[in-house]
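Here's the structure, in structure tokens; my notes come after.
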Amino acid sequence: MPMFEDQDILSASEQADIQAKKGTSASHSNGTDHVQLPIPGDDGEGPIEVPASKSSISEASKYMHNLSVSPSMKERRSSRNSFGTSLPIPRSKRQSRLSSVHYPAEDGRPTRPGMPPIQPTRAILASQVQSIEVDKVKKAKNMAFAFDIDGVLVHGDRLIPEGQRALEILNGDNELGIKIPHIFLTNGSGKPEKARCEQLAKILHNPVNTEQFIQSHTPMSALAEYYNTVLVVGGEGYKCREVAEQYGFKDIVVPNDIVASDASIAPYRVFTPEERASSRPRDFTKVKIEAIMVFSDSRDYATDMQIIMDLLRSENGQLGTMAKDPVSQRIPIYFSQGDLLCPTEHWTPRMSQGAFRIGLEAMYKALTGADLERVVYGKPETATYKYADEVLTSWMDQLHGEEKLPENIYMIGDNPASDIIGGNMYGWNTCLVRTGVFQGGDNDENNPANFGVFPNVLEAVQTALKKELGEDFKTHFDETINPVLHGDKADAAAII
Ligand SMILES: [Mg+2]
């Protein structure tokens, strides 16, 4: 079956040409209006202008497909998992072997710049206040925050100052001296959770525990139960191999291992001796790679796309083979998130995993004629929010010894297309901040935040606290407080 329908394209081009000559706007077959530039006549001087024989408009749209999954997928993948129709997430509480808390200061104690050191008596004082303010404490434990990180708390490695203050309040600098549950929910990726939490704690000047931290690939640890040998793509050096090892994947292959065993697979790749020495080559024609996991942004689109495409077109993930039926013999491919763009230090956002994926989808369709079926984790996918519920529940257990999910959850994000749409769909309160991607008017037109738009994360947190705990709720813990004077006589007597 011919992949390119030249006849159609030619007629579209000819039609456009005719209309252009008439000086009218031509409409492309995909419905996009455009104006064909008139070709100047050959005046005998300068270059010769030869009319194009094909439309100058990209044909990518006909290779793209929407997120729907064909019914065939259910039957085909049900033996391993219902690929495409469900996203596995870890069932049980978080694995304690990966648990670690990271403090911003060397001595392991949280510090508050410009403020006196935290006294051990503070905990005693706070518990006395809490024993009096029973109703407020109940409400404080029934609310929680889920923070996006980039564009909300930090810009890359730079702190957004209001982020630090917001976290100090939630970590106990409030009138109850209570820790208000909060988790971090980011589409970021490419590093083990522990390393990322260490880095974040330093930037935010607040403790960050791996148990309250979800990056795009964190829930993908559940996939380790489904596949033995996997190709892990993306990230710096071998960090994603390390991530996959920590998730419990047994046999992890990265593109460098494949290039090291057969350099001709990636003809444009310059492979350094260091890369060769650190890779793990073997005869991949004898290995069945069962699934592809794109964990983070590709550092080398050409090599990674070539290897992924070779595997997707192979017979059940065996390099050196070509599937007779590209659909039934295809191995599954997972992406950790779907963001098209990512804000960086550059003046305009850079392409991210979503753009990489769309490139692959178009290439796959062009080369095989079939749609590429794939699973995309990360915000705004429901599985990621469901996993956030699990994490929040177990974090509540750690903080307050109550293993339950708070009812009033606030998602604070800067990206309407992931943070806000996902939170809205999941029934959370959503707050859009103006410190990142969103630069629009009163609210986002397509995915408006249901709790409102705020200049920064601190304003959002304070407004949510007032909503749940009262307009007069103080975002400062008074070290000089005498709790006895704040209760009624019966409470005071109980404390004395
Ligand atoms: Mg963001």
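The values are calculated or read from the model by the stated rules, or taken from the named source; none is laboratory data. Quick caveat, the model's predicted, so the values are computed rather than measured. Note: ideal-geometry Cβ built from the backbone for every residue, glycine included; neighbour counts use all protein chains shown.
Results, tabulated for the structure shown:
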read-out	value
Region 131-153, subset closer than 19 Å to Gly378 by Cα and not charged (D, E, K, R), residue modelled with the lowest pLDDT	Gly151
Val259 assigned by TED's automatic domain parsing to the domain that holds Met305, within 30 Å of the chain's Cα centre (by Cα), assigned to a helix (DSSP H, G or I) and at negative phi	yes
Total residues in region 187-234, condition within 14 Å of the chain's Cα centre (by Cα) and of a type in the set (A, V, I, L, M, F, W, C)	3
Criterion violated by Pro416 - all others in (1) within 16 Å of the ligand (Cβ to nearest atom); (2) under 18 Å from Leu170 (Cβ atoms) satisfied	(2)
Odd one out for Glu402, checked against (1) within 16 Å of the ligand (Cβ to nearest atom); (2) within 22 Å of Thr210 (Cα to Cα); (3) of a type outside the set (S, T, N, Q)	(1)
Number of positions in region 419-458 that are charged (D, E, K, R), touching a residue at least 60 places away in the same chain (Cβ under 8 Å) and closer than 15 Å to His155 by Cβ	0
Check on Lys467, assigned by TED's automatic domain parsing to the domain that holds Thr210, closer than 30 Å to Ile124 by Cα, away from the ligand (no atom under 16 Å from the Cβ) and not in a loop (DSSP other than H, G, I, E, B)	yes
Residue that is of a type outside the set (Lys, Arg), touching a strand residue (DSSP E or B) at 6+ places or on another chain (Cβ under 8 Å), touching a residue at least 12 places away in the same chain (Cβ under 8 Å) and outside any loop (DSSP other than H, G, I, E, B), where the choices are Thr303, Thr285	Thr285
Pair list, Cβ < 8 Å and 6+ apart or interchain, from region 402-418 residues that are assigned by TED's automatic domain parsing to the domain that holds Thr430 and free of Cβ contacts under 8 Å to residues at least 60 places away in the same chain to residues that are within 16 Å of the ligand (Cβ to nearest atom) and part of a strand (DSSP E or B)	Pro416/Leu432
Thr384, sole failed condition from (1) in a strand (DSSP E or B); (2) within 16 Å of the ligand (Cβ to nearest atom); (3) in contact (Cβ under 8 Å) with a residue 60 or more places away in the chain	(1)
So Ser264, is it surrounded by fewer than 19 Cβ atoms within 10 Å (Cβ to Cβ) and either part of a loop (DSSP other than H, G, I, E, B) or in contact (Cβ under 8 Å) with a residue 40 or more places away in the chain (or both)	no
Checklist (1) touching a helix residue (DSSP H, G or I) at 6+ places or on another chain (Cβ under 8 Å); (2) at positive phi applied to Asn316, failing item	(1)
